[in-house]
Amino acid sequence: MEIKRRYGTAEQIMAVFNPSRQSEFARYSDRCMTGEAPSLTRFSIAYGSKPAVSWLAIQLAAVGEYAGNKEKQSIEQLAETAEVLLTEFGYLKLTEFMLFFHKLKAGHYGSFYGAVDGIKIGEAMLEFIKWRRCELCRIDREAEQRRRAEAEERDKKNCISYETYKIMKEYEAGWLLNMGY
């Protein structure tokens, strides 16, 4: 599989997308959404659901540590929250999850009182999905504007002035008359 050729073992891909790198990825949010990183589902297909769930559980545990909550989710709760995320949002790229967890830590989706709550994570993810949809539309609009500007620039290089056009038409008309048309 391509993912294994590119990233190696499950441990190696988990190291690339380590929670300590969330801010690094978040600096390039457009690339997180449009880049070539594998989706969580592809990760799960390539390496099995256990590593995918473990990766998400590690990300979730990092959020709990960051939040400084006294109550921590149990391993079972982390795994169940991870399973829900895999099932509901597996189409997201690993980089998008990294971006989501960064934004979660940055307070974009409120704060946690007590333990990191799986339902609160799901609600935050739904907000992230709305934001992502708007951002992808913006990225598409900007790309279309760039394509149009490039096409316009290319067309300017290949076009002639109106004055040159008139001269060419006059020459063409004269040529046709000389040819007997």
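The values are calculated or read from the model by the stated rules, or taken from the named source; none is laboratory data. Owing to the predicted nature of the structure, the values given are computational and were not obtained by experimental measurement. Backbone-built Cβ (ideal geometry, glycine too); neighbour counts: all protein chains shown. Only protein heavy atoms, including side chains, enter the accessible area calculation; ligands, DNA and RNA are left aside. Shrake-Rupley method; radii C 1.70, N 1.55, O 1.52, S 1.80 Å.
Things to note:
- Some residue of the stretch 94-113 being out of contact with any Gly (no Cβ under 6 Å at 6 or more places or on another chain), touching a residue at least 12 places away in the same chain (Cβ under 8 Å), under 22 Å from residue 7 (Cα atoms) and not in a helix (DSSP H, G or I): no
- Test: residue in the stretch 118-137 that is of a type in the set (D, E, K, R), in contact with a Ser or Thr (Cβ under 8 Å, 6 or more places away or on another chain), at pLDDT 90 or above and closer than 20 Å to residue 14 by Cβ: no
- Residue satisfying all of: in the stretch 33-63; surrounded by 17 or more Cβ atoms within 10 Å (Cβ to Cβ) and either in contact with a Lys or Arg (Cβ under 7 Å, 6 or more places away or on another chain) or of a type in the set (D, E, K, R) (or both); nearest to residue 120 (Cα to Cα) among these: 63
- Against the numbered list (1) farther than 26 Å from residue 133 by Cα; (2) in contact with a Ser or Thr (Cβ under 9 Å, 6 or more places away or on another chain), residue 62 comes up short only at (1).
- Candidates 12, 73 - the one that is in contact (Cβ under 8 Å) with a residue 40 or more places away in the chain, over 23 Å from residue 131 (Cα atoms), of a type outside the set (Gly, Ala, Ser) and open to solvent by 20 Å² or more (accessible area, probe 1.4 Å): 73
- Residues that are among the small types (Gly, Ala, Ser) and either closer than 22 Å to residue 24 by Cα or loosely packed, with under 11 Cβ neighbours inside 10 Å (or both), drawn from the stretch 115-156: 124, 149, 151
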